[in-house]
Amino acid sequence: MNQDEKKKKVAESAFLTVLPSLNKETVLGIGTGSTTNYFIEELNRAKVSIKGVVCSSEASKENLETSGIKVMQLNEVHGIDIYVDGADEFNSRFELIKGGGGALTREKILVNSSDRFICIVDDTKFSELLGKFPLPIEVLEVARSAISREIMRMGGKPVYRQNFVTDNGHQIIDVHNLKIDIPYEMEATLNNIPGVIENGLFAKRTADVIIQATDLKIITLKKDT
Ligand code: 5RP
């Protein structure tokens with residue numbers, strides 16, 4: 001099975017997992033990316049009746065147009081019951097790197113407002129030590145060089161994501177070779193640099209459930225509470 005087939009399979013499986021919990025009061029959170037797009041395809045097909053969806057990007061919002069589901073702002077809802085999104089990397093502690101699609105800031109806001117975060121991935125994205133995937137950081141344009149210098153002092157190699165502007169109007173630096181021994185600490189350290197909007201480490205608030213596609217099967221991992 002190639003990676004794209006795994007993305008589709010895991011999204012279909014996640015949809016079947018989530019379906020029994022949906023009712024007319026449910027607020028669903030929807031992330032961004034190709035795996036999530038397969039989940040959106042299921043939503044568009046099934047025509048479920050829920051209170052609404054809150055999306056982490058304009059792209060996902062557009063993709064949901066044929067679902068018939070009301071797209072809502074986070075400010076309009078009490079919170080999100082279930083948030084479904086992909087990731088670029090995950091480890092056995094349910095910590096993640098996200099932001100390959102550039103929607104990390106809104107994703108972190110939505111995750112933080114969610115009762116349950118279901119992360120949908122394929123097995124190629126597992127890495128016990130996070131950081132093989134370059135860590136995306138959303139930055140204010142005026143601070144980009146200053147932040148890059150700070151990151152170099154920390155041992156990372158910052159690469160400016162050319163021709164890309166986030167939905168929030170900011171830029172992205174992708175950081176290679178950063179030693180992320182303690183993701184929780186690195187997440188806080190990076191967010192402490194002036195001009196950093198948000199970074200793609202999801203360690204303070206991890207996934208609650210990881211549904212993972214392998215060549216042979218779908219594996220559901222639940223975090224101990
Ligand atoms: C977007 C993200 C995505 O979830 C992540 O990049 C995974 O994308 P894909 O499902 O296309 O592999 O964090 O900001």
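In region 103-178, which strands (runs of 3 or more DSSP E) lie fully inside it and hold 1 or more residues that are in contact with a Pro (Cβ under 8 Å, 6 or more places away or on another chain) and surrounded by fewer than 23 Cβ atoms within 10 Å (Cβ to Cβ)? Write out each step before concluding.
On the way: elements: 114-122, 135-139, 157-160, 171-176.
Because the criterion is at least 1 residues that are in contact with a Pro (Cβ under 8 Å, 6 or more places away or on another chain) and surrounded by fewer than 23 Cβ atoms within 10 Å (Cβ to Cβ), the strands (runs of 3 or more DSSP E) in region 103-178 that meet it are 157-160, 171-176.
Considered as a group, the residues in region 1-60 that are closer than 19 Å to D123 by Cα and among the aliphatic types (A, V, I, L, M) include one that is most open to solvent (accessible area, probe 1.4 Å), and that residue is M1.
Restricting to region 1-56, and then to whatever is in contact with a helix residue (DSSP H, G or I) (Cβ under 8 Å, 6 or more places away or on another chain), of a type in the set (D, E) and under 18 Å from I69 (Cα atoms), can you tell me which residue is farthest from the ligand (Cβ to nearest atom)? This residue is E42. Taken residue by residue, region 139-152 has no member that is within 13 Å of the ligand (Cβ to nearest atom) and within 18 Å of the chain's Cα centre (by Cα). Here G99 clears all of (1) closer than 11 Å to G29 by Cα; (2) near the ligand (Cβ under 10 Å from one of its atoms) except the condition numbered (1). Contact annotation: residue pairs with Cβ atoms under 7 Å, 6 or more positions apart or on different chains, pairing a residue in region 59-78 that is within 13 Å of R106 (Cβ to Cβ) with a partner that is assigned to a loop (DSSP other than H, G, I, E, B) and among the hydroxyl-bearing types (S, T, Y), are A59/T32; S60/T32; L74/S113.
Residues in region 85-92 include none that are surrounded by 16 or more Cβ atoms within 10 Å (Cβ to Cβ), free of Cβ contacts under 8 Å to residues at least 60 places away in the same chain and of a type in the set (A, V, I, L, M, F, W, C).
If the condition is being of a type in the set (D, E) and surrounded by 14 or more Cβ atoms within 10 Å (Cβ to Cβ), then region 179-198 contributes E187, E198. For region 111-133, the candidate set comprises residues that are in contact with a strand residue (DSSP E or B) (Cβ under 7 Å, 6 or more places away or on another chain) and within 11 Å of the ligand (Cβ to nearest atom); within that set, the residue that is nearest to N191 (Cα to Cα) is V111.
Within region 37-58, being of a type outside the set (K, R) and either without any contact (Cβ under 8 Å) to a residue 24 or more places away in the chain or more than 22 Å from N23 (Cβ to Cβ) (or both) holds for N37, Y38, N44, S56, S57, E58.
The values are calculated or read from the model by the stated rules, or taken from the named source; none is laboratory data. Values in this document were obtained by computation on a predicted structure and should not be read as measured data. Note: ideal-geometry Cβ built from the backbone for every residue, glycine included; neighbour counts use all protein chains shown. Heavy atoms of the whole protein, side chains included, go into the accessibility calculation; ligands, DNA and RNA do not. Shrake-Rupley method; radii C 1.70, N 1.55, O 1.52, S 1.80 Å.
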